[in-house]
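One structure is given below, encoded as structure tokens.
Only the coordinates and a few stated rules stand behind these numbers; no lab work does. Because the structure is a prediction, the values reported are computed rather than measured. FYI the Cβ positions are ideal-geometry reconstructions off the backbone, even for glycines, and counts take in every protein chain you see.
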Amino acid sequence: MIVSFRWFGRNDDSVSLKHVKQIPGIDGIVGVLSHIPVGEVWPLDQILKLKDEINSKGLKFEVVESVNVHEDIKLGYPTRKQYIENYKETIRNLSKAGVKVICYNFMPVFDWTRSDLEKMLPDGSTVLAYEKAKIENIQPDELIRSMEEFSREYSLPGWEKERLKEIKSLFEKYKQVTEEDLFNHLHYFLGEIIPVAEECNIKMALHPDDPPWSVFGLPRIVTNKNNLERIVNMVDSPSNGLTLCSGSLGANPENNIPKIMKYFSEKGKVPFVHIRNIKIYENGDFVETSHRSDDGSLDIYDIVEALHKAGFNGYFRPDHGRMIWDEKARPGYGLYDRALGIMYILGIWDSLEKQKEG
Ligand code: DNO
Ligand code: MN
């Protein structure tokens with residue numbers, strides 16, 4: 001298991017690479033060029049600059065999250081052709097810089113959705129939270145405004161301003177798109193990009209929808225084991241892989257995360273894993289928690305054990321963390337609690353390794 005840490009770049013992250021490097025067991029950075037508008041080619045020189053910066057701190061740069069997919073591709077519009085060509089060029093450029101895995105998602109309009117970015121837990125830490133009734137009763141543009149207010153210094157990944165500019169017209173466009181259409185548009189996209197990724201020795205890793213159900217009436221398909229299976233079978237290639245995210249899929253208690261992790265890892269379909277815990281309530285609300293199994297509804301021990309059993313040797317990162325010890329950082333992406341998460345997971349992993357040795 002290769003330990004990595006998401007970092008948004010020197011101008012967009014309060015965490016320094018120097019501090020990341022001090023996390024025990026750390027191997028590399030999950031990086032991004034977040035200022036490139038969705039649909040445009042990531043220029044090689046900028047990728048190489050980021051790589052040099054990361055490498056100069058003794059960290060690897062082999063995973064990118066995310067190369068976002070233009071809405072015209074998800075909508076299946078004829079204009080997708082150019083955006084897909086650009087996407088291929090980005091894959092080629094990333095491979096020239098030694099990148100091995102590209103995480104992306106196929107959620108219409110919104111990436112992850114939460115009602116609260118600073119929900120206080122009983123211990124005084126603050127976390128991202130999802131209150132079902134709030135989401136069901138809020139207008140999308142109202143939610144965006146509150147997200148913008150929250151985001152203050154840092155833009156929120158997946159909620160980039162340029163992505164949200166045309167929110168109203170996007171909603172109109174998606175009224176015509178069924179889940180089956182979305183499957184077809186993903187199929188078309190994969191058919192185009194996976195051969196290029198394979199040639200470039202890059203694994204594409206599709207992130208599940210977060211949460212794994214429809215929000216604001218938009219179609220969502222990356223939600224459960226059956227759908228994941230359907231997607232990996234669309235194009236048969238080692239480059240057609242998944243980012244299995246425990247907290248995203250796990251928000252639906254019907255998704256058995258250890259089983260899903262083991263099943264797809266054994267198939268060689270999991271180049272990248274996100275681990276975090278959430279506490280789920282009966283009414284469908286959930287809050288993010290520390291990684292510790294006792295603190296949430298997911299059994300992180302079982303999840304790590306399932307990966308270990310499957311011989312998982314891909315990249316992993318702690319997904320989100322609580323905001324603790326008065327840290328000021330982008331919600332979910334502070335240094336301290338994500339570092340604690342890594343230590344908890346490595347503790348489990350190392351003891352499993354010991355047991356294996358007998
Ligand atoms: C939530 C996060 C997501 C993720 C993107 C990947 O679980 O991991 O923001 O980064 O959806 O494209
Ligand atoms: Mn995730």
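Condition check ((1) within 16 Å of ligand 1 (Cβ to nearest atom); (2) farther than 22 Å from residue 199 by Cα) across all residues:
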residue: 2; (1), (2): no, yes
residue: 12; (1), (2): yes, yes
residue: 33; (1), (2): yes, yes
residue: 59; (1), (2): no, yes
residue: 68; (1), (2): yes, no
Exercise for the section: Have a look at 321, 311 and point out the one that is farther than 17 Å from residue 229 by Cα and within 16 Å of ligand 1 (Cβ to nearest atom). Expected result: 321
Problem - Qualifying positions in segment 107-128 - aliphatic (A, V, I, L, M), surrounded by fewer than 21 Cβ atoms within 10 Å (Cβ to Cβ) and within 16 Å of ligand 2 (Cβ to nearest atom) - result: 117
Handout entry: Wholly within segment 2-86, helices (runs of 4 or more DSSP H) carrying at least 3 residues that are polar (S, T, N, Q)
Key = 44-56
Exercise for the section: Can you run down the residue pairs with Cβ atoms below 7 Å, 6 or more apart or on separate chains, where the first is in segment 99-128 and on the phi > 0 side of the Ramachandran plot and the partner is within 16 Å of ligand 2 (Cβ to nearest atom) and assigned to a loop (DSSP other than H, G, I, E, B)? Expected result: none
Completion exercise
Scanning segment 175-187 residue by residue, the ones that are in contact (Cβ under 8 Å) with a residue 24 or more places away in the chain and part of a helix (DSSP H, G or I) total 8
Handout entry: segment 125-148, subset part of a helix (DSSP H, G or I) and hydrophobic (A, V, I, L, M, F, W, C), residue farthest from the chain's Cα centre (by Cα)
Key = 133
Handout entry: Residue tally, condition buried (at least 19 other Cβ atoms within 10 Å of the Cβ) and hydroxyl-bearing (Ser, Thr, Tyr), over segment 30-82
Key = 1
Handout entry: Leading residue by the ranking (surrounded by the most Cβ atoms within 10 Å (Cβ to Cβ)) among those in segment 209-267 that are small (Gly, Ala, Ser) and within 19 Å of residue 130 (Cα to Cα)
Key = 246
Handout entry: Among the residues listed as 192, 282, 199, the single one being closer than 24 Å to residue 66 by Cβ, free of Cβ contacts under 8 Å to residues at least 12 places away in the same chain and more than 15 Å from ligand 2 (Cβ to nearest atom)
Key = 199
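Rundown of residues vs (1) surrounded by fewer than 21 Cβ atoms within 10 Å (Cβ to Cβ); (2) assigned to a loop (DSSP other than H, G, I, E, B), yes/no style:
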| residue | (1), (2) |
| --- | --- |
| 302 | yes, no |
| 320 | no, yes |
| 325 | yes, yes |
| 331 | no, yes |
| 337 | no, no |
| 347 | yes, no |
